[in-house]
Amino acid sequence: MGKLQEFNITFDKNKDVYSPGESISGTVSIKVGQLLQCKAIKVNCNGFCGITSKENDTAWTLEEQYFNSTISVADKGTLKQGEHTFPFKFLIPESAPTSFEGNYGRIIYRVRAFINTPRFAKDYNTEKAFYLLCLLNLNEVPDIWEPSSSAVTQQFTYLLVKTGTVVLKAQTDLKGYTQGQIIQVLAQIHNQSGKSTGNMAASLMQRVTYETKRPTHDVRTIAEVEGGVVKAGKESEWKEQIIVPPLPQSSLIGCDLIKMDYYVKVCLKSPDVMLMLPIHIGNVSLDKKLHSSKKAAAACSAEDTQESANPASTSTTNTLTLEPRGGAPMNDGLPNKRQSQLVSPNAFSYAPGLFFSQNQQHNGPSPAPPGSTGATAPYPPESSASLMPTPLILPPDYGASAYPQEPPPSYDDSFNT
């Protein structure tokens, strides 16, 4: 049996998920079977990002370091037979980005320990990874309550000589979602041709960009729903919903080498018509009460401005009724070909196996604590996708608002009543 029998790192309270600005502490445990001379025992804590242009290659083309701290927990001396423990503590910088593991790059955090021995003797080292989670609060994203919308007009040729036009408009009900929430998708299709279109489809897409010399884009379909066709010369409306599976947040703030974003792709299978609706995936859900209070404050501020400009107009009150989002009814409703959602098992995590709890509360602003970590690869094979029933969840009621949008009458108009 060798001199060194055990050499490992343990984090306090067995914690392995931390937040930026938090301290990480633990102990280095060493067990030796006989006297072991050492020059020093050191502990290092570091975080970095590495990217490459080759899939699953760890010979990084570019690296970016976030912090690298080393302390000495024991100086030159001799370790006696038995067990020894050495405590350590490091402060994680507030600017450090969330952990991430992808096919072309990783954001890695780890604690390493070293036993430096005299010349010609064998040195020893060990390491233990930990994960960093920087929450994305959707309530802090500008215009997050607005729909993400787009429109495209596409001309195409069929039967060799005939041409036609398809107009596609689509929108989501919001611009931000968290795990388990529903993305409401509304599409309007006007088939101005003599040929029926192919099936409609809406997909939740993830795009990860690795900023190598020639940027690598890793685009994946997370979930997809499919609808029917639009007959020649018809105009139809299609409504669908997509459940958001466990996903990493949209942005890796603090990382310049890896960019991540999400969008809903709405398309026709034939002709080739497609548009993209950018959205945000966050950790802290939208808070309706907070949004209402901000609207009330904005309305009061607007009223105060009007009162200071037109003192006599304060006695007039207007009532506004908002129309539900989604547009006016179209000529034909577009039936859904498939009422279930195909979910890719790419339940991407910030690191292997790191997910949010399935019982996360989505109606409040507080995030759920992350689950335990494991050795599960973050990108399972595409072929193991499974069908997931899509419950009918109605969108929020936008039918009425208590806040007027029309300005009060002018000073002169107030005297004409």
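Rule-based calculations on the coordinates, nothing more; no lab input. Just so it is clear, the model here is predicted, and its values are computed rather than measured. Methodologically, a virtual Cβ is constructed for each residue, glycine included, from the backbone with ideal geometry; neighbour enumeration extends over all protein chains shown.
For the reader, a short list of remarks on this structure follows.
- Full-stretch length increase - ASP272, HIS217 - with 0.36 nm per residue and alpha-carbon distance subtracted: 17.6 nm
- Fully extended contour minus Cα-Cα distance, from LYS89 to ASN125, at 0.36 nm per residue: 11.2 nm
- Residue ranges 178-189, 155-166, 14-25, 217-228 sort as 178-189, 217-228, 14-25, 155-166 when ordered by packing (mean number of other C-beta atoms within 10 Å per residue, highest first).
- Sorted largest first, extent of the stretch 4-132 alpha carbons per principal axis (Å): 46, 32, 20
- Ascending count of other beta-carbon atoms within 10 Å, so fewest first, for LEU252, LEU135: LEU135, LEU252
- Sorted from greatest to least, the principal axis extents spanned by the alpha carbons of the stretch 167-210 come out as 41, 28, 14 Å.
- Applying 0.36 nm per residue to the separation of HIS291 and GLU22 and subtracting their alpha-carbon distance, the gain on full extension is 93.9 nm.
- Restricted to Cα atoms, the stretch 74-222 shows a radius of gyration and a Dmax of 27.9, 90 angstrom.
- Put a dot 7 Å past the Cα of LYS259, heading toward its Cβ, do the same for ALA151, and the two dots end up 2.8 nm apart.
- Residues THR172, THR58, sorted so that the one with the fewest Cβ neighbours within 10 Å comes first: THR58, THR172
- Which listed pairs, of LYS3/LYS80; LYS31/LYS122; LYS169/LYS265; LYS39/LYS89, have C-alpha distances above 18 Å, in listed order: LYS39/LYS89
- Reported to the nearest whole Å, the Cα centre-to-centre distance from the stretch 228-299 to the stretch 1-54 is 42.
- Taking 7 Å steps out from each Cα toward its Cβ at LEU135 and LYS195 produces label points 5.3 nm apart.
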